[in-house]
Amino acid sequence: MFSFPNPVNEVSARLVAGGVVLMSVLTIALDQPWLTAVIAYGFLARVLTGPTLSPLGQIVTRVITPRLPLRERPVPGPPKRFAQAMGAVMSVTAAVLALGFGLHTEAYAVLGLLIVAATLESVFGLCLGCKTFDLLMRAGVIPPEVCERCNNIGLAAQRAG
């Protein structure tokens, strides 16, 4: 149960990011700070279990993605898990600000940053968490064995460049 898929279907990852954008925009537009807890739960669930305990992850992987006329696009799991962890930090921060301290404006500012990152992922396929993961691997902060496939991709890109 407490595992993260590897590889991850990029199509599903982008759809989940789109769901995060939608939920975050609704949270701000409708001034419903309690939704920050729902968003935070989703990120924590996805970090710990992939889509298993995430309602959004389940809807996307079991209902939406299978019905799309797109072929699966597998990408390495560890960078996507890292990206989910970054989203968890941001969404938990927003929830604590909104629900713990009543700082709705500040919480919505943090959600705004999350909206930017999730929009880049969902619309353009640009995963900021994945880029950060790659930089940390290149800097030696994340050991190569965490993601051998990532390491091989990075080496191939370096050789090609």
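The values are calculated or read from the model by the stated rules, or taken from the named source; none is laboratory data. On a predicted model such as this, the values are computed, not experimentally measured, just so you know. Note: ideal-geometry Cβ built from the backbone for every residue, glycine included; neighbour counts use all protein chains shown. Remember, those area values only see protein heavy atoms, side chains included, never the ligands or the DNA or RNA. Shrake-Rupley method; radii C 1.70, N 1.55, O 1.52, S 1.80 Å.
In segment 1-26, the residue that is farthest from G129 (Cα to Cα) out of those that are assigned to a helix (DSSP H, G or I), open to solvent by 20 Å² or more (accessible area, probe 1.4 Å) and touching a Leu at 6+ places or on another chain (Cβ under 8 Å) is L26. Might you let me know whether segment 57-68 holds any residue that is open to solvent by less than 20 Å² (accessible area, probe 1.4 Å) and at positive phi? Looking for residues that are open to solvent by less than 20 Å² (accessible area, probe 1.4 Å) and at positive phi, one finds none in segment 57-68, hence no. Under the condition of being more than 16 Å from G19 (Cβ to Cβ) and either acidic (D, E) or under 14 Å from the mean Cα position of the chain (by Cα) (or both), the residues counted in segment 48-94 number 14. Reported count of residues in segment 27-36, each being in a helix (DSSP H, G or I) and in contact (Cβ under 8 Å) with a residue 12 or more places away in the chain, is 4. For segment 121-153, a residue qualifies if it is of a type in the set (S, T, Y) and either free of Cβ contacts under 8 Å to residues at least 40 places away in the same chain or touching a Phe, Trp or Tyr at 6+ places or on another chain (Cβ under 9 Å) (or both), and exactly one does: T132. Every test in (1) open to solvent by less than 30 Å² (accessible area, probe 1.4 Å); (2) out of contact with any Lys or Arg (no Cβ under 6 Å at 6 or more places or on another chain) is passed by P76 save one, and that test is (2). Take the conditions within 19 Å of P7 (Cα to Cα) and surrounded by fewer than 16 Cβ atoms within 10 Å (Cβ to Cβ) and apply them to P143. Does it pass? Spelling it out, P143 is indeed within 19 Å of P7 (Cα to Cα) and surrounded by fewer than 16 Cβ atoms within 10 Å (Cβ to Cβ). Look through segment 37-53, keep the residues that are touching a Phe, Trp or Tyr at 6+ places or on another chain (Cβ under 9 Å) and not in a loop (DSSP other than H, G, I, E, B), and return whichever of them is surrounded by the most Cβ atoms within 10 Å (Cβ to Cβ). The qualifying residue surrounded by the most Cβ atoms within 10 Å (Cβ to Cβ) is R46. Residues in segment 95-131 that are surrounded by fewer than 16 Cβ atoms within 10 Å (Cβ to Cβ), under 15 Å from the mean Cα position of the chain (by Cα) and of a type outside the set (A, V, I, L, M): G112, F124, G125, K131. Yes or no: segment 138-150 includes at least one residue that is within 15 Å of the chain's Cα centre (by Cα) and among the basic types (K, R). No; the residues of segment 138-150 include none that is within 15 Å of the chain's Cα centre (by Cα) and among the basic types (K, R).
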